[in-house]
Amino acid sequence: MTTALTVPGRWTADDIPDQTGRTVVVTGANSGLGFVTARELARHGAHVILTARDAAKGRAALDRLRGELPGSAVELRSLDLADLDSVHAFADALDTPVDVLVNNAGIMMPPRSLTKQGFESQFGTNHLGHFALTGLLLERLRAGRDPRVVTVSSTLHKNGAIHFDDLDGERSYSPRGFYAQSKFANVLFGLELDRRLRASAVPVLSLLAHPGYSATNLQSSGPTGLLKAILKVTNRYVAQDVATGALNQLYAAVSPHAQGGQFIGPDGRNEAKGHPTLVRPAESATDPESARRLWDLSEQLTGVRYDFAIGSAGPRGAVGPTPTASP
């Protein structure tokens with residue numbers, strides 16, 4: 001992973017270069033970090049495709065964006081990352097080159113539940129859904145200009161590990177532990193994607209970002225009980241605002257100084273707050289063998305197999321056997 005990073009001063013959304021002519025897909029763009037990311041890219045001229053699982057919330061976000069930025073090139077498409085059928089439908093319907101894919105959507109610390117295909121909901125949504133989406137859009141990204149994949153993780157990845165022997169939490173589940181697993185998987189995936197793109201000379205960058213501790217609706221929509229009450233207080237008195245938190249994924253998405261394999265996070269103490277800088281992933285998340293094992297398993301579970309040979313995969317990637325609910 002490259003370690004050089006030039007951030008001119010305290011980088012803000014005002015430093016975003018002109019994005020005219022670029023197409024950006026932002027998952028989970030109806031609120032929080034995703035909405036801010038979509039808004040700032042649209043403000044700077046990008047054609048932004050917002051995705052949302054909830055149609056009503058998606059339309060409300062689209063109306064809000066159009067109200068704030070009259071004449072902006074924004075559109076809404078349905079995407080539920082917890083349903084691989086929805087991921088395929090979204091990719092099948094997208095017939096334009098993609099310059100940036102921001103893998104932003106996620107769920108955080110809910111009670112144990114399963115996705116439509118039978119995966120633990122946080123691992124299935126935060127990792128497997130984005131793994132499948134990225135693979136299915138790889139040819140679209142190859143056709144883009146300075147194409148990038150930005151996968152949004154969390155500082156909690158440092159507490160994570162992949163429970164290969166209990167991936168779905170059937171034997172032992174904790175909301176926080178399995179959230180950390182999903183964010184750890186994001187880092188393993190983003191770095192392994194960078195390695196494979198480089199090895200195949202595919203001109204697509206894979207970067208990681210995290211928002212520090214930012215006040216979003218993740219802390220209220222997933223957790224329950226005492227945890228939800230605690231997060232409500234820390235959101236109000238400890239967290240930074242969502243616009244500052246989104247700067248890290250915005251920097252990764254647009255900065256000419258950002259490079260594949262980099263992890264962008266806040267420059268403040270413990271990476272909790274601040275402006276974009278280069279941060280280091282947990283040492284365990286940089287292990288190539290763990291990343292390869294997760295990659296192979298993810299291809300098996302999603303049925304989406306990446307083919308990095310230029311032009312060989314067709315417009316929607318290669319699709320393998322029907323996904324199963326267990327390794």
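The values are calculated or read from the model by the stated rules, or taken from the named source; none is laboratory data. What you see is a predicted model; the values in this text were computed from it and never measured. Heads up, the Cβs are rebuilt from the backbone with ideal geometry, glycines too, and the neighbour counts pull from every protein chain shown.
Select from the range 235-292 the residues that are on the phi > 0 side of the Ramachandran plot and more than 16 Å from the chain's Cα centre (by Cα) and list them in ascending order. Walk me through it before giving the result.
At the first step, the residues of the range 235-292 found to be on the phi > 0 side of the Ramachandran plot are 261, 270-271, 274.
Matches in the range 235-292: Asn270, Glu271, Gly274.
If you take the residues in the range 189-205 that are among the hydrophobic types (A, V, I, L, M, F, W, C) and within 15 Å of the chain's Cα centre (by Cα), which one is nearest to Val102 (Cα to Cα)? The residue in question is Leu205.
Only one of Thr37, Thr51, Thr20 is part of a loop (DSSP other than H, G, I, E, B), modelled with pLDDT of 95 or more and among the hydroxyl-bearing types (Ser, Thr, Tyr); which? Don't jump to the end; show me each part of the working.
Working: Thr37 fails: part of a loop (DSSP other than H, G, I, E, B); Thr51 fails: part of a loop (DSSP other than H, G, I, E, B).
Only one candidate passes the filter, namely Thr20.
Of all the listed residues (Phe131, Phe123, Phe90), the sole one being within 18 Å of the chain's Cα centre (by Cα), at pLDDT 95 or above, more than 27 Å from Gln19 (Cα to Cα) and of a type in the set (Phe, Trp, Tyr) is Phe123. In the condition set (1) under 18 Å from Asn126 (Cβ atoms); (2) among the polar types (S, T, N, Q); (3) modelled with pLDDT of 95 or more, Ser31 is compliant with all but (3). Entry remark, the range 257-274: residues being in contact with a Pro (Cβ under 7 Å, 6 or more places away or on another chain) and under 23 Å from Ala201 (Cβ atoms) number 1 in total.
Check whether at least one residue in the range 128-140 is charged (D, E, K, R), within 21 Å of Asp194 (Cα to Cα) and surrounded by fewer than 24 Cβ atoms within 10 Å (Cβ to Cβ), and report yes or no. Yes, the conditions are met somewhere in the range 128-140.
The set of residues in the range 41-74 being hydrophobic (A, V, I, L, M, F, W, C) and loosely packed, with under 13 Cβ neighbours inside 10 Å consists of Ala55, Ala56. Scanning the range 75-122 for residues that are buried (at least 24 other Cβ atoms within 10 Å of the Cβ) and of a type in the set (Phe, Trp, Tyr) returns a single hit, Phe119. Residues that are basic (Lys, Arg) and under 13 Å from Leu50 (Cα atoms) within the range 70-114 comprise just one, Arg77.
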